[in-house]
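These notes concern the structure reproduced below.
The values are calculated or read from the model by the stated rules, or taken from the named source; none is laboratory data. If you're wondering where the values come from, they're calculated on a predicted model, not measured in any experiment. Neighbour counts are summed over all protein chains in view; Cβ atoms, including those assigned to glycine, are modelled from backbone coordinates with ideal geometry. With ligands, DNA and RNA removed, areas are computed over all heavy atoms of the protein, side chains included. Shrake-Rupley method; radii C 1.70, N 1.55, O 1.52, S 1.80 Å.
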Amino acid sequence: MSLCVEEKNRSWCTSSNANDQRAITIECASDKTAPYAMTDAVYASLIKLCTDICKRNGKTKLLWFADKDKTLNYNPRADEMVLTVHRWFANKSCPGDWLYCRLGDLAAKVTAALGSEPDAPATDEPATEKVQMYRVRKTWADAKSQVGAYKVLKNAKAAADKNPGYFVFDEGGKAVYPDGAKAEQPVAFKPYVVSISIENLNIRKGPGLNYGTTGKFTGKGCFTIVEEKSGSGSDKGWGKLKSGIGWIALDHTKKI
């Protein structure tokens, strides 16, 4: 790791005078071809470097909006630092899709290392109480076989009785009816990355339109999904963002 230009000086590397004058720019070693992947060691060093930069400048949060206009129009608070990327100012892929898809994760890890929580700003919306839903399916993994979701367990049992070979599952994917029946147990979820091409996809506090919004949007970019749940308002279900900030409707995403 080396310092090529003092942080107080312009590095002349983002093709934007305005961005250069206010940014501390970083170059990372990567593959020579797309998606320009980095090694775990390089990524870990990047997290440490960004954390160090924030500490030395009195910042407690690193933010990533995944949207050029929102980022450049945002007025950071005194304790905040915001990420920008070269591709926003020139016809380049820099920093490459591998890192671009992980900038949300980078911001969250740096913020956590600084001792802050990467939460959305507070809103005036009341907290929504979580409702237990019982789902009637052949197996937990076979969401397409679902014949209904019920708040009342008795009603879910009745639906299962009408459909031989079906089971009642709780929110965690555990078969709760028929008693003693063996159903397929939930498979460990494997996180995956999705791309979003719209700018105004709401981030909600829970998996469904019945949950309030966090007051933030994803913007365009790539995001890691660490959990899936079905819920109102999305045929494909809802995905929990790795940053922990909330849930998004998977209808508006593309798995990559």
*Give a residue-ordered list of calculated ³J(HN,Hα) values for segment 205-211 (Karplus: 6.51 cos²θ - 1.76 cosθ + 1.60, θ = phi - 60°; whole Hz; x for Gly, Pro).*
6, x, x, x, 5, 7, 9
_Estimated inter-spin distance, Lys236 and Asp31, nm [label 7 Å along Cα→Cβ]_ = 2.4 nm
_Cα-centred dipole magnitude for the chain, charges only on beta-carbon of K, R (+1) and D, E (-1), debye, nearest 20_ = 380 debye
*Can you put Ile256, Ile225 in order of accessible area, largest first, using a 1.4 Å probe?*
Ile256, Ile225
*For the chain, which whole percent of the accessible surface, found with a 1.4 angstrom probe, sits on carbon and sulfur atoms?*
51 percent
_Just to check I understand the Karplus step: with θ = phi - 60° and J = 6.51 cos²θ - 1.76 cosθ + 1.60, what whole-Hz values come out for segment 61-77, glycine and proline as x?_
9, 10, 10, 9, 9, 6, 8, 4, 4, 5, 5, 6, 8, 7, 9, x, 6
_Listed residue (Cys13, Ile248, Ser2) projecting farthest to the positive dipole end of the chain, Cβ model_ = Ile248
_Total formal charge among the other residues, if their Cβ is under 10 angstrom from that of Tyr150, Lys/Arg +1 and Asp/Glu -1_ = +4
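Let me make sure I get this right: for segment 1-118, a, b and c are the square roots of the gyration tensor eigenvalues over alpha carbons, sorted descending. Under 1.5 in a/c it's rounded, otherwise prolate if a/b > b/c, else oblate. Which is it? Walk me through the numbers on the way to the answer.
On the way: a/c = 1.32, a/b = 1.12, b/c = 1.18.
Rounded.
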_With a 1.4 Å probe and all protein chains left in place, how much accessible area per residue does the chain have, in Å²?_
58 Å²
*asked:* Expected output is a single nm value to one decimal: the length gained when fully extending between Ser145 and Lys162, i.e. 0.36 nm times separation in residues minus the C-alpha distance. What is it?
replied: 4.7 nm
*List the cysteines of the chain that have no other Cys Cβ closer than 4.7 Å: which are they?*
Cys4, Cys13, Cys28, Cys50, Cys54, Cys94
*Can you put Ile245, Ile26 in order of accessible area, largest first, using a 1.4 Å probe?*
Ile26, Ile245
*Determine how large the accessible area of Asp251 is when every protein chain is in place; take a 1.4 Å probe and give Å² rounded to the nearest 10.*
60 Å²
